[in-house]
Amino acid sequence: MKNSKWLLVTIIIALPFIMGPSEPVEYVILSWNDLGMHCSNKDFSTMAVLPPYNNLLCQVIRKGDASTMPVVITDGITVTYEVPGNTTSINKTNFWQYAKALFGADLGENVGLTGKKLSDYMDARAGYFTAEGIPLTPYTDNDLVNEDPFQLALVKAFDSGGNLIGTSTPVIPVSNEINCVSSGCHSSEQSILNRHENEGGFNPNIKPILCAKCHASPALGTTGIGEAPIFSYAIHKSHADKTSDCYKCHPGPNTKCLRDVMSEKGLTCTDCHGSMSNVANTIAQGRIPWLNEPSCGQTGCHSSEFEVNGGKLFRQSKGHGGVYCSGCHGEPHAIVPTREGTRDNAQNVALQGFEGTLKECKVCHGFVPNAPGPHNILPNKIKVINDFSDKFYIKNIYPNPLKTSSTIYFSIAKAGNVHLDIYDANGSHCLSLLNQYLLPAEYSANIDAKFLTNGVYLSVLKVNGETRTTKVIVEK
């Protein structure tokens, strides 16, 4: 019995050497800001629209392998953030001089309204980490004159032992382009206040004034006073007959905050939000600005496969494996790939080697699964049949009918984001075979019948607003 006991101990001690060292756990760090562009006043001595207030979010994913699924984790993880090259704000704005008068807050130097600093810990939430109210300005420590609206933050994740397990470098966007005066519309901020002098109880000479104190602002969480209209309504309604240029107020003629893949295709603010009159009228009809905004499905641009979570905005929605939509696609107004190629796209380039949506399965899974992924997209290997084409059509599907698999041959004449999808006889989306940017050429892609039941389907090829269709029959 004694010898058996020592034999058992020997086996336990030797087991790691017999089995070999275990594979190290790998992690994927995704981080982003929530809006695509934050803005604030630079001078707070007269009036204030928005304070320095930026938000970052992060998810930590424990990478999978052929036998283990990747999983989003928060337990035992600590996340920090910083903005390299931007370590102080106190000398870049007079916000801290007037924070008490405007917000009733006694703030230390470089401390924001939520208590966050320019470098700090992120707060753990259910399935993600967040830092809200970072008091960032668009001026780096080395340049107090010229705005840098697309600075890179540095997010670090640590395990329970304090070991660094991964980093990420999201853009933390901010601009001072609130252009009431610099746009040439108003002679001074005081002149704006003077327009309110006939409002009961308002004295335009008692400064500074927080606009959201009287005009409710869901973005700042203020409820306003009396019958003063919601701030967004008041601004859009009063300016609707004066300009249709959103950059007169929003950042801005220099910043041009709408910089994403949709804007590169010619879409503008009004394609999603409607005209200034529409913005105001929908608020009058009960829409709450900032909380009720256009979503992917409402615009008519995307199918139900790309819809946001029910009752939520894109920035609040999660998808594949509990990952936030912004984690793969970028945030509103900065859906990747953007024109800020080396910055907005830095995270995805580091993870998968190229710009645009994070869509390489092996980044999180460790290998390429043979199953549909996000939005029911298959990890399809596209082959180039001929690197020249001046035609746009589906050339052939062979074999058709198909029992196990088939190959679809197609051609595009102009470069663009190509969608190749399978729909059933009722028009319901079944599979996405392709959703990526391609150059003019002849291509082939695979159709795997194991994801389809017997029946008649339609293969739909879309690019640059044009569509081609071909019938597909499955007979197993």
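The table below lists the values:
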{"quantity": "Filtered residues of the stretch 383-407 (kept if out of contact with any helix residue (DSSP H, G or I) (no Cβ under 7 Å at 6 or more places or on another chain), free of Cβ contacts under 8 Å to residues at least 60 places away in the same chain and not acidic (Asp, Glu))", "calculated": "VAL384, ILE385, ASN386, PHE388, SER389, LYS391, LYS395, ASN396, TYR398, PRO399, THR407"}
{"quantity": "Residue in the stretch 97-104 that is polar (S, T, N, Q) and farther than 29 Å from ASP159 by Cβ present", "calculated": "yes"}
{"quantity": "Of the criteria (1) modelled with pLDDT of 90 or more; (2) surrounded by 15 or more Cβ atoms within 10 Å (Cβ to Cβ); (3) out of contact with any Lys or Arg (no Cβ under 9 Å at 6 or more places or on another chain), which one LEU378 fails", "calculated": "(1)"}
{"quantity": "Some residue of the stretch 95-109 being modelled with pLDDT of 95 or more, touching a Phe, Trp or Tyr at 6+ places or on another chain (Cβ under 9 Å), assigned to a strand (DSSP E or B) and of a type outside the set (Phe, Trp, Tyr)", "calculated": "no"}
{"quantity": "Residue satisfying condition, being touching a Leu at 6+ places or on another chain (Cβ under 6 Å), of a type in the set (A, V, I, L, M) and part of a strand (DSSP E or B), within set ILE422, ILE408, ILE397, ILE385", "calculated": "ILE422"}
{"quantity": "Residues located in the stretch 31-64, provided they are hydroxyl-bearing (Ser, Thr, Tyr), part of a loop (DSSP other than H, G, I, E, B) and either buried (at least 22 other Cβ atoms within 10 Å of the Cβ) or touching a Cys at 6+ places or on another chain (Cβ under 9 Å) (or both)", "calculated": "SER40"}
{"quantity": "Residue that is farthest from the chain's Cα centre (by Cα), among those in the stretch 338-382 that are in a loop (DSSP other than H, G, I, E, B) and more than 23 Å from GLY321 (Cβ to Cβ)", "calculated": "ILE382"}
{"quantity": "Residue satisfying all of: in the stretch 65-78; in contact with an Asp or Glu (Cβ under 9 Å, 6 or more places away or on another chain) and at pLDDT 95 or above; surrounded by the most Cβ atoms within 10 Å (Cβ to Cβ) among these", "calculated": "ILE77"}
{"quantity": "Residue among ALA350, ALA346, ALA371 that is out of contact with any Leu (no Cβ under 6 Å at 6 or more places or on another chain), surrounded by 15 or more Cβ atoms within 10 Å (Cβ to Cβ) and among the small types (Gly, Ala, Ser)", "calculated": "ALA346"}
{"quantity": "From the options ALA228, ALA219, residue that is within 28 Å of the chain's Cα centre (by Cα), more than 18 Å from TYR98 (Cα to Cα) and assigned to a loop (DSSP other than H, G, I, E, B)", "calculated": "ALA219"}
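The values are calculated or read from the model by the stated rules, or taken from the named source; none is laboratory data. Owing to the predicted nature of the structure, the values given are computational and were not obtained by experimental measurement. Because the Cβ atoms are built from the backbone with ideal geometry, glycine has one as well, and the counts that use them run over all protein chains shown.
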